[in-house]
1. Over the range 151-269, average the accessible area per residue using a 1.4 Å probe and give it in Å², no decimals.
2. Using the alpha carbon gyration tensor of the range 273-315, what are the three equivalent-ellipsoid semi-axes (square root of 5 times each eigenvalue), largest first, in whole Å?
3. Send over the semi-axes of the range 149-263's equivalent ellipsoid, whole angstrom and largest first, taken as the square roots of 5 times the C-alpha gyration tensor eigenvalues.
4. Can you give the charge dipole size of the range 289-421 about its Cα centre, rounded to the nearest 20 debye, using +1 on the beta carbon of Lys and Arg and -1 on the beta carbon of Asp and Glu?
5. Just the ratio, please: alpha-carbon radius of gyration of the range 120-162 over 2.2 N^0.38 Å, N its number of residues.
6. Note down the net charge around D271, summing +1 for each Lys or Arg and -1 for each Asp or Glu among other residues with Cβ under 14 Å from its Cβ.
7. At what distance in angstrom do the alpha carbon centres of the range 164-223 and the range 383-421 lie from each other?
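The values are calculated or read from the model by the stated rules, or taken from the named source; none is laboratory data. Computed from a predicted model, the values in this text were never measured in an experiment. Backbone-built Cβ (ideal geometry, glycine too); neighbour counts: all protein chains shown. Note: areas computed on protein heavy atoms with side chains; ligands, DNA, RNA excluded. Shrake-Rupley method; radii C 1.70, N 1.55, O 1.52, S 1.80 Å.
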Amino acid sequence: MSEPDKFEDDLLYALTRTGEGFRTEPAEQAGLVADGYRLGRRRWRRRSAAAVVGGAAALALVGTGTVYLASPGAGDAGTVSAASAPAASVGITAGGSAAATTPTALQSVAQAAVSGDEVLATFRALLPKGEITEATGQGTDRGPKATDASANLVFDDGQGKSLIQFNISKHRPGQVQLPGCPPDLTLVRVDACTDTVLPDGSKLLLQQGYEYSDSRADTKEWFAVLNGPDGRSVSVHEWNAPKEKGAPDSRPNPPLTLDQLKAVVTDKSWDRVVKALRFDGIDTEAIDPGLSPADYETVLTGLLPSGATVTGRKGQDTGVAFELARAGRAGTLSVLVKNWAKAPDDRPAQHWYQDAEILPDGTKLLTHAPAAPILPGKLIADATRPDGLEVLVVTASNGDPLLTAAELKTIVTSPAWKARK
């Protein structure tokens, strides 16, 4: 991995965890979410494009130096439709970290792993008759950090080749939202869309649209996404082309109708895969140290170096952004504390600490000064103790950082930071 790529990965991971604690004002969200989403999904893209995980949907950096994360709203039941494109008439046939060993309270019960070949075979059995090529599958047997399973193939029912992609993952209850259909399909270039709630409480989104909303190409993309009450998110995407982007259209429409896509994502054969998956994302409730904004300010005030004072704050339950002043200059300091002791499976992967300084007490310390123009005037410090308590700070100012790396080290390694729950 190149040094720029490694930096991008490391910074993204830091922002992912830091961002959970902060929110923007509504007027700021659109641009921030767009920029952060592009950065995050370039590295951690999951094909289930319509599934949005609460608390990890988008990342962004703001000019003040505070790290933010914003979660878009979700639509519930309802139906919007326009003139649907004609569909092919076919029928469905029957068919880490070394510490990551103890499951959390919401961890799935241990189940036999499902191989990629098994996932692929299950997916193939749910498709209509046709020729299948370029088929691959990924299962739950890829180690303790495997949080999804997938299958990809090129399908041809005699009317032309179509790329079809399948993905299944599992989110903790309350952390997944399913966006509804757009209010005006013509504005987003969608031919048909329905979002409904099924009898078992699952939310289903079905859409016939296009790969590009800006009309640069006419390649169609149809998909179904099912989010279940047990946390499952199952999606199928299909194109009327043999590749996702850049390939000429090979048929008038994708091969599966919306009813057939629905049959795939709602099929009970996926229950076994769901049981074998661990929960995706971070158990934010378990790692919350129980510190209020006032707690953060009390501890930080006692740790700031001479001449630095807190002049304001924007606090949330899991982190605080402080406004600082020092020697006539202004800046910000964002602080986030996490208690990984209660969620060892969610701890950062071991490679995150490969460049860390190991202190005498076993604390792993990371400090970084991102090069301009990525994060000008900013310093990051991150300390994780052997007991699982992590303190992460990001400081920013116009020009040189307001606090030095040594001063940040004093803040993040202080024993004054203690979990209250």
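1. Values: 4450 Å² over 119 residues.
Ligands and nucleic acids excluded, the result is 37 Å² per residue.
2. After scaling each eigenvalue by five and taking roots: 38, 10, 9 Å.
3. Working: eigenvalues 126, 58, 29 Å².
For the range 149-263, the ellipsoid semi-axes come out as 25, 17, 12 Å.
4. The calculated dipole for the range 289-421 is roughly 240 debye.
5. So the range 120-162 has a normalised radius of gyration of 1.37.
6. +1
7. One Cα centre to the other: 41 Å.
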